[in-house]
There are 4 protein chains.
Amino acid sequence: MTPRSTDTATLLVSCRDRTGLVAALSQFIAEHGGNITDLDQHAESDSGMFFMRLQWSLTTFTLSRSAIEEALAGYARRFELTWSITWGDHLQRVAVFVSTTPHCLYDLLLHQRLDDLGGVIAMVVSNHLDLADVAAHFQVPFMQVPVGAGSASARAEAEVTHERILADHQIDLVVLARYMQILSPEFVARRPGGIINIHHSFLPAFVGAKPYHQARERGVKLIGATAHYVTAELDQGPIIDQDVCRVTHRDEITDLVGKGRDLERRTLSRAVRLHLQRRVLVHGNRTIIFG
Amino acid sequence: MTPRSTDTATLLVSCRDRTGLVAALSQFIAEHGGNITDLDQHAESDSGMFFMRLQWSLTTFTLSRSAIEEALAGYARRFELTWSITWGDHLQRVAVFVSTTPHCLYDLLLHQRLDDLGGVIAMVVSNHLDLADVAAHFQVPFMQVPVGAGSASARAEAEVTHERILADHQIDLVVLARYMQILSPEFVARRPGGIINIHHSFLPAFVGAKPYHQARERGVKLIGATAHYVTAELDQGPIIDQDVCRVTHRDEITDLVGKGRDLERRTLSRAVRLHLQRRVLVHGNRTIIFG
Amino acid sequence: MTPRSTDTATLLVSCRDRTGLVAALSQFIAEHGGNITDLDQHAESDSGMFFMRLQWSLTTFTLSRSAIEEALAGYARRFELTWSITWGDHLQRVAVFVSTTPHCLYDLLLHQRLDDLGGVIAMVVSNHLDLADVAAHFQVPFMQVPVGAGSASARAEAEVTHERILADHQIDLVVLARYMQILSPEFVARRPGGIINIHHSFLPAFVGAKPYHQARERGVKLIGATAHYVTAELDQGPIIDQDVCRVTHRDEITDLVGKGRDLERRTLSRAVRLHLQRRVLVHGNRTIIFG
Amino acid sequence: MTPRSTDTATLLVSCRDRTGLVAALSQFIAEHGGNITDLDQHAESDSGMFFMRLQWSLTTFTLSRSAIEEALAGYARRFELTWSITWGDHLQRVAVFVSTTPHCLYDLLLHQRLDDLGGVIAMVVSNHLDLADVAAHFQVPFMQVPVGAGSASARAEAEVTHERILADHQIDLVVLARYMQILSPEFVARRPGGIINIHHSFLPAFVGAKPYHQARERGVKLIGATAHYVTAELDQGPIIDQDVCRVTHRDEITDLVGKGRDLERRTLSRAVRLHLQRRVLVHGNRTIIFG
């Protein structure tokens, strides 16, 4: 799922299932000289919903992007579609929020260096200075926004700053890479499907604080990590990806933390890449992942 | 991937990629009142090949099956398609070949009892009598076809019997569920994509005999199993599914055999179900699996 | 971990860690001509606990079993050990409780047929007759104990019968292989570490009823199964083993149930085998597993 | 398996199995006031070999290190042991050899930054300058040793330089983190068990060049990575760790390379950490891993 050709369009669609949807959309593409390179569609028998990801080559396409969007808006009215289209040459801009632990940040920035992220990490934001050197090494701007000792006014002030810099840098996606501060409901509400968090447990097990301690206490045989969109309710947003690894009684808390770091960074990076490559469709409180 | 609705058609297509394929086929389905329930299509950028699995509901379809086949033959000529269509109410008939170890046979028959196989195990064929009770328990006919001490004439005679009973019972698929005899090249050649074998290693590692001994000798940290179509070359046919599990130095040969049994039966059952549910497309020496 | 030599002793020990424990016990074994074949010991730095599994060959041992037990009782007083010893030729006797779904029962009985269970399935107990044929096929006694429509008196009567037959057949371990009835707190309290259940989720996620529905609702990307000892609190007992598998949006409830069956049976069988091979040590509400 | 207490001794032993080995060694430790914190021992029934890892606390130990070594030499003569002892406060010194791809190097250096490597990366050696910035960022010396266009004399000259800097910096372990040059048989022969390589396939499948191309060609459903000690024969040395991940037909070569990078770096880091934490015992051409 490495991103490749940039001269493509990717269409995500969800709607009530009905006859003729694929035909109408594929016909539209063929008529204007487009070639479908990947199509993944499924209609759920239980919910009656239709989900589709469709990618086509624009190399020989005869319509402009605005004409495509206009045409799709017409189909959307006719079929009552929820849809979005993105262009292969438009890279989403990402702000990574961190506190002091570097493992998730390194992983995301390494993918950027390897050119297989599918977006652009435009800046790193932190309430601490600990990871400024990491951002500098990867030549990404680093901005410290202190949150004080967590007083309400310090938080409110920090949020004003956050909003300003996200706007200034035209950020599309906020990634919480072990950012240990709580965001306000308003900040979250302004970004539905626009904030990804990594929780260090296999949700819904062990919500809240100190999940590795909870896991050790409960005696589970696998620990996990969960990347999800942030919503108003803590640890309850739509799950994008999860992974687990096996643990034994030899794994004390520091071992769980160590094994967990490997899980967290690879789960978060995978989720961010799925999002940036437009492989995630949010439907209610779950996601459809197009692999 | 449990098989469900029977009033469906499943179309598998492979060809050189070209513009308009999806549009033409989905248009054909929509025109005649069909509703696509699942479509999975991918065009390979390296090989230039187009692969698709398309499933649609026949409940309100206005064409007969023979008319569908005729229409598809027309598309096939026009687009140079390799294609096959199957009907949800047609269950393929399977003959399971075994020798003396029961684990794979039990697994397949259990899936049949649980009604999630996607085909019908019409008979069990063996060179020994050891597993006759298993077949009887699941009420599946058991046929012993001795192979003698492996003499050429005994083999040839056994093959004549095999061919006769496979024909008499209209068998579509032969599954070698730890059948410890070699089939003749002619028998194999008559059934391209029609014989599935389970090999007890992660192919292409450890081809040939005693793979667990080879694995122990080489000191691998994971052992595997591979389900593949049988071709003229031993252990070289298209791979359908593979799985692995972790081993340690505490695992001696008997332990590897025990862990391997769990791998073998679940890998073989999964491969057989993928085949029966028409999720496998063979292209050259590899398979495209539609998950 | 296939069971092998029968002429062995297996000692499980837990206690507060202190100097000289391994030396004292290994010295005792060496003095009397025993050879340690496997020893797995760990002292936890956080809890200060010492856990050990020690297996030795009795072939040339000069003490009788009763003398061994007497000697160990002495060490236990001196070092304040919690301990148990078992003999390789003593196979624990198992009663498998089932209702109507056969997959876990088949798996356990198949391991018995393959002779790698490490115990004896002495009977199958059910509130229904559906699986009588499975027990008969594997030549294991089947006993139907109806529970009525769940009335208190019917339950109480069933429990009297259960207790009688478990006593009559000298059952060491009760395995709930998708037994859909609740056991009384008294029945459970009489068997600490003596009842193993399979729960069809990755505990502590999705306790209670319909875990696959809960999983689908929450949109998790992996489903799981958990084998655990039964305690007074539902789904809260010490976990023996867990496993997971990946699911996608194509997996509706029936698919989750199907994938879950594969998880449930292999997780339950593995847990039962670990228990029967004396690889499980219960400490508080968690287990130490000696792999 | 995070490294923790430094005031410990770790003893690795292999020998022909015989009665009294554990007793003698644990007695020795207890006599001098040591407390065993972890002991993992196994005698193989097929080979008759005895393998053990024993870790004990030196905090209250009454013998000096040289006295311990002297005593162990005595046991070694008596029991014909192959053994090694290491001290928790002695960190092995590692040289990482790289060419141009950074993913494995980042992973190792990140573990060092997180302080859970168990050794010290003392330098990075490369035939190119591409990764000098990575070493600099982590404040590790970087040394470029050009190999020319692969001429014999350039190679010989490079090797002289390698030997000199390895000696100057007292390097214990060489890690080939996607180093694309071949080492001379003499260089390898001087370091038995002292060079770890990552091969980007599930060995013994796909030895040699371009394993991802081989994997794609063969149509495997899982790709793998293997960390192993380097010996005279290419890709044939003792395996330390392996891992795999699932691939589909949507994964073309660049995707396999991308997925493979995640496998390679985590497999190599795990192997290096196992080595540095003295959890690897080499016996013939296989390794015993104490988890």
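The values are calculated or read from the model by the stated rules, or taken from the named source; none is laboratory data. On a predicted model such as this, the values are computed, not experimentally measured, just so you know. Glycine gets a Cβ as well: all are built from the backbone with ideal geometry, and neighbour counts include every protein chain shown. The protein model used for the area step is the full one, side chains on, heavy atoms only, and it has no ligands, DNA or RNA in it. Shrake-Rupley method; radii C 1.70, N 1.55, O 1.52, S 1.80 Å.
Comment: the Cα-to-Cβ extended label point of B:ALA71, at 7 Å, lies 2.4, 8.4, 8.7 nm from its counterparts in the other copies, nearest first. When the charge dipole of the range D:8-87 is built from unit charges on Cβ atoms (+1 for Lys and Arg, -1 for Asp and Glu) and taken about the Cα centre, the candidate among D:VAL13, D:TRP87, D:SER64 whose Cα reaches farthest toward its positive end is D:SER64.
Taking square-rooted eigenvalues a ≥ b ≥ c of the alpha carbon gyration tensor, is the range B:93-289 rounded, prolate or oblate, where a/c under 1.5 means rounded and, failing that, a/b exceeding b/c means prolate? In terms of gyration-tensor shape, rounded. Rounded to the nearest 20, the Cβ-based charge dipole of the range B:210-291 about its Cα centre (Lys and Arg +1, Asp and Glu -1) stands at 280 debye. Each residue was assigned an accessible area with a 1.4 Å probe, and for C:PHE187 the value is about 0 Å².
Quick one: compute the contact order of the range A:93-289, relative version, from alpha carbon pairs under 8 angstrom and 6+ residues apart, as a percent. Could you put the intermediate results ahead of the total?
Numbers: 347 pairs, mean separation 40.3, N = 197.
After rounding, I find 20 percent.
Among the GluC sites (Glu not before Pro) within the range A:226-286, those in coil by DSSP and having at most 12 neighbouring Cβ atoms inside 10 Å are A:GLU233.
Select from the range A:42-60 all residues whose loss of accessible area on going from the chain by itself to the full protein assembly reaches 10 Å² or more (probe 1.4 Å). So the qualifying set is A:HIS42, A:ALA43, A:GLU44, A:SER45, A:ASP46. Of A:THR6, B:THR62, the residue with the largest accessible area leads and the full order is B:THR62, A:THR6 (1.4 Å probe).
Could you rank C:VAL13, C:VAL257 by how accessible they are, 1.4 Å probe, largest area first? Can you show the working numbers first?
Working: C:VAL13 0, C:VAL257 55 Å².
In descending accessible area the options line up as C:VAL257, C:VAL13.
Interface residues of the range B:207-238, defined as those with an accessible-area decrease of at least 10 Å² between the chain by itself and the complete set of protein chains (probe 1.4 Å), are B:ARG216, B:GLU217, B:ARG218, B:GLY219, B:VAL220, B:LYS221, B:LEU222, B:GLN236. A Gaussian network model of chain D, with springs between Cα atoms under 10 Å, assigns the largest mean-square fluctuation among D:ASP46, D:ASP235, D:ASP255 to D:ASP46.
Per the 1.4 Å probe, what fraction of the accessible area of the range C:124-182, in percent, lies on carbon and sulfur atoms?
Taking all protein chains in place, the range C:124-182 shows 54 percent carbon and sulfur surface.
Remark on the range C:244-291: accessible area falls by at least 50 square angstrom from chain-alone to full-complex state for C:ARG246, C:HIS249, C:ARG250, C:GLU252, C:ASP255, C:ARG261, C:ARG265, C:ARG266, C:ARG286, probe 1.4 angstrom.
Within the listed set A:LEU268, A:LEU39, A:LEU176, the residue fluctuating most in the Gaussian network model of chain A (springs between alpha-carbon atoms under 10 angstrom) is A:LEU39.
State the antiparallel share, in %, of DSSP beta bridges confined to the protein assembly as shown, rounding to the nearest 5.
Numbers: 162 of 230 bridges.
Expressed as a percentage, antiparallel bridges in the protein assembly as shown total about 70.
Taking amide H as placed 1.01 Å from N in the peptide plane, the amide H of B:ASP243 sits under 5 Å from that of B:ALA225, each at least 5 places away or on another chain. Counting only DSSP beta bridges whose two residues both lie in chain C, roughly 70 percent are antiparallel. Accessible surface computed residue by residue for the range D:93-289, with neighbouring protein chains in place and a 1.4 Å probe, gives 35 Å² per residue. Charge dipole (Cα centre; +1 on Lys/Arg Cβ, -1 on Asp/Glu Cβ; no other charges) of the range B:93-289 amounts to roughly 540 debye. P(r) tail, the protein assembly as shown: Cα-Cα pairs separated by more than 50 Å, 30% of all pairs.
Think of a 1.4 Å ball rolled over the protein heavy atoms: the range B:8-87 then has 38 Å² of accessible area per residue.
For B:VAL207, inter-copy separations between label points set 7 Å beyond Cα along the Cβ vector come to 1.4, 5.4, 5.5 nm, shortest first. Of the Cα atoms belonging to the range C:129-171, the radius of gyration and Dmax stand at 12.1, 34 Å.
In the range D:1-98, taking the dipole from charged Cβ atoms about the Cα centre, the farthest positive-side position among D:PHE51, D:VAL98, D:ASN35 is held by D:VAL98.
Using a 10 Å cut-off on Cβ to Cβ distances, tally the other chain neighbours for every residue of D:121-128 and report the average as a whole number. Walk me through the numbers before you get to the answer.
Values: counts 0, 0, 0, 0, 0, 0, 0, 0.
Counting Cβ atoms of other protein chains within 10 Å of each residue's Cβ and averaging gives 0.
Largest to smallest in accessible area, the residues D:TRP87, C:TRP56 fall in the order D:TRP87, C:TRP56 (1.4 Å probe, all protein chains included). Considering only B:VAL145, B:VAL125, B:VAL175, the Gaussian network model of chain B with Cα springs below 10 Å gives its largest mean-square fluctuation to B:VAL145. Our analysis of the range D:8-87 gives Rg over Rh at 0.95, with the two radii drawn from alpha carbon positions and Rh computed by the Kirkwood formula.
Assuming charge only on the beta carbon of Lys and Arg (+1) and of Asp and Glu (-1), the dipole of the range D:54-126 about its Cα centre is about 140 debye to the nearest 20. The phi-based Karplus calculation (6.51 cos²θ - 1.76 cosθ + 1.60; θ = phi - 60°) puts the 3J(HN,Hα) values of the range C:56-66 at 9, 7, 9, 3, 10, 6, 9, 9, 6, 4, 5 Hz, whole numbers, x for Gly and Pro.
In square angstrom and rounded to 100, what buried accessible area do you get between chains B and D, total over both, with the probe at 1.4 Å?
Numbers: alone 14500 and 14490 Å², together 25630 Å².
That pair of chains buries around 3400 Å² in total.
Taking every protein chain into account, the 1.4 Å probe leaves A:TYR75 with about 40 Å² of accessible area, to the nearest ten. The accessible area of A:THR60, taken with all protein chains in place and a 1.4 Å probe, comes to roughly 90 Å².
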